[in-house]
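Read the figures in this text as sums done on the coordinates, not as results from a lab. Remember, predicted model here, so these are calculated numbers, not experimental data. Heads up, the Cβs are rebuilt from the backbone with ideal geometry, glycines too, and the neighbour counts pull from every protein chain shown.
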Amino acid sequence: MRIALGIFVFLGLLTALAGEAKAHPLLDEAIASYEEADFEGALGTFNAAARNADLSVEELLRLFEMRALVFHALGNKAAMQADLRRLAAVRPSYRFSRLTPPPVRQAFEQMLESDGASLDVELVIQEESADGVFYVVARVDQVPTGLVDHVGLQCRVGEDGKAVARTAQGSQVRIELSESREHDGCEATAHTRQGGVLFHTSIAGTRVKTPPDVFQMPEYQAPRDEPTVSKKKRWPWIVAAAALVAAGGVTAGVVLSRRSQQSQSAGAVTVNW
């Protein structure tokens, strides 16, 4: 009874798996072999897809998951954990299909709990020197074997900020700088064998840019007064005119006073009682 129930569950999982797998033809072929319990055939097809198929990043993650199931079925725990580590490096939050056996899920979760910090893959860009020559280096740190196929690096260098690009197999690439070690920024990408971008990062430039002209406030200038000389020339005339007016007033006063006195003397009448 238990054997019959186990066969029934296994066939049900394979049927559901066949309904979910709608990806690259090689992936479908490998999954079909897995459904037929042809684990060696499935492994060979998965490996061929990893080497030659034009897989997207999502399809590659699906390949790692399914190949881990094959290794689990074959009893190859180390190979199964290697594919699970590749999954964790690209996407620690990867969600397995409902067909993944509990032991594989548990192995993935335990890996994240015990080695979570060491599973953080990082694409870094740094400036380095060797034998007096300066470089910008892009490197993928803590990357599982067989995950990154090549790394691309592009920097804007030279006085005119010309773009220079380099690509190298493996997990590291570099671009030579001038003696000034200046550049206008760099970008790096880590790719799968098929060219899919797994990781991307960038850094700002180191070139010292000329600051813009500082606005100078105009100096305040007071309104210009009339020349002092012209003022000096006016004062003598004003003083002289005032003196003449004052003198004339005094003279007129004296004359009028005298005339008044004479008039009073001439018209006076003496009365004797």
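Key figures for this structure:
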item: Sites Leu112 and Arg166 - FRET efficiency at Förster radius 30 Å, r taken between beta-carbons, to 0.05; result: 0.30
item: Percentage relative contact order, the range 143-189, counting C-alpha pairs under 8 Å, at least six apart; result: 43 percent
item: Extension gain from Glu122 to Asp54, taking 0.36 nm per residue of separation minus the Cα-Cα distance; result: 22.0 nm
item: Cα convex hull volume per residue for the range 63-215 (Å³); result: 160 Å³
item: Radius ratio Rg over Rh of the range 49-151, counting only Cα atoms, Kirkwood formula for Rh; result: 1.07
item: Bins of 5 Å, starting at 0 and running to the largest distance - Cα pair percent for the range 122-203; result: 3, 17, 27, 23, 15, 9, 4, 1
